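Q: Please see the structure below; I have some questions.
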Amino acid sequence: TPAWARGGTPAMISCCGDIALAINGSYERYLPHVMVILKQAAQSSAQIEVSPDDYDLQEWVFSLRECIFEAFSAIMQALKTGNKEALIISEVTWLIEFCAYLSQEPNMPYKASLWSSNISASEKLIGGIVGLLGDLVTTLEKDKPDLRSLPWVSQLVERGCRSENAGVRETCGWARGVIFSQG
């Protein structure tokens, strides 16, 4: 619920990824519980009504979303290191749907949007989404999702490749290579 999201912090979400990287495949026992937290945080970030002049809340929502993507990427890397990447296959659909929702959010009035006037936060979030999509493709080698046919993916990748932020450009350039060269 939105009330949960305001009580939960982006830092807590980030810790889930940090712990995963520290214990690699042993993270399997925590995965079901953490996925519930990540899904609730994602749903909450999509439901929070943000006034266009509430910059603190906009920044908080961006931060929460970035932390969700960072945590999931770290969890994927940890499970892959432990040869347990198959455990995340069941999570791919909701994750891609969340990414798609965020990519189309400009039509959502009074919500913190990917296409926000806050260029820095918006571009960092695009980098997080595109990086995560690239991670999905490289982590799930046998069961990788085919993202090439999704128009919003190419739009986000291209926007990120034109970013003023060098790190976002680099991430999106790498992701473009892995997403669109998959065969």
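The values are calculated or read from the model by the stated rules, or taken from the named source; none is laboratory data. Because the structure is predicted, anything quoted here is derived from the model rather than measured. Each accessible area value is taken on the protein alone, full model and side chains, heavy atoms only, with ligands, DNA and RNA left out. Shrake-Rupley method; radii C 1.70, N 1.55, O 1.52, S 1.80 Å.
Q: Over region 55-102, what number does the Rg to Rh ratio reach, with both radii from the alpha-carbon atoms and Rh per Kirkwood?
A: My calculation puts Rg/Rh at 1.09.
Q: A further question follows. Please express the shape of region 122-183 as an equivalent ellipsoid: the semi-axes are the square roots of 5 times the eigenvalues of the C-alpha gyration tensor, given largest first in whole angstrom.
A: Each semi-axis is the square root of five times an eigenvalue, giving 19, 11, 9 Å.
Q: What percentages, rounded to whole numbers, describe P(r) for region 42-81 computed over all alpha carbon pairs with 10 Å bin width beginning at zero?
A: The calculated distribution, bin by bin, is 29, 40, 21, 9, 1.
Q: Below 8 Å between Cα atoms, with a sequence gap of 6+, how large is the relative contact order for the chain in percent?
A: 22
Q: While we're here: Using a 1.4 angstrom probe on the protein heavy atoms only, line up Ile19, Ile13 by accessible area, largest first.
A: Greatest to least solvent exposure: Ile19, Ile13.
Q: Roll a 1.4 Å probe over the protein heavy atoms and report the accessible area of Ser181 in Å², nearest 10.
A: About 90 Å², ignoring ligands and nucleic acids.
Q: Give the carbon-plus-sulfur fraction of the accessible surface of the chain in %, rounded to a whole number; probe 1.4 Å, heavy atoms of protein chains only.
A: 53
Q: Right, another one. As a check on your grasp of the helix formula, calculate [θ] at 222 nm for the chain: sum -39500 (n - 2.57) over DSSP H runs of n ≥ 4, divide by the residue count, round to the nearest 500.
A: That calculation yields -22000 deg cm²/dmol at 222 nm.
Q: If you average the sequence gap of Cα pairs under 8 Å that are 6 or more apart and divide by the length of region 13-112, what percent do you get for the contact order?
A: 47
Q: Right, another one. With N residues in the chain, what two-decimal value do you get for its Cα radius of gyration over 2.2 N^0.38 Å?
A: 0.98
Q: Just to check I understand the Karplus step: with θ = phi - 60° and J = 6.51 cos²θ - 1.76 cosθ + 1.60, what whole-Hz values come out for region 89-95, glycine and proline as x?
A: 4, 5, 9, 5, 4, 5, 5
Q: Mind telling me which of Val50, Val157, Val130 comes out most flexible in a GNM of the chain, alpha-carbon contacts under 10 Å?
A: Val50
Q: Just the accessible area per residue of the chain, please: how many Å² with a 1.4 Å probe?
A: It amounts to 48 Å² per residue over the chain.
Q: Could you tell me the accessible area of Tyr30 in Å² (1.4 Å probe, neighbours in place), rounded to the nearest ten?
A: Only protein atoms counted, so the area is about 90 Å².
Q: Something else: Applying the Karplus parametrisation 6.51 cos²θ - 1.76 cosθ + 1.60 with θ = phi - 60° to the phi angles of region 157-170, what ³J(HN,Hα) value in whole Hz is obtained for each residue in order, glycine and proline being reported as x?
A: Ordered by residue, 3J(HN,Hα) equals 4, 5, 4, x, 5, 9, 4, 6, 8, 4, x, 5, 4, 5 Hz.
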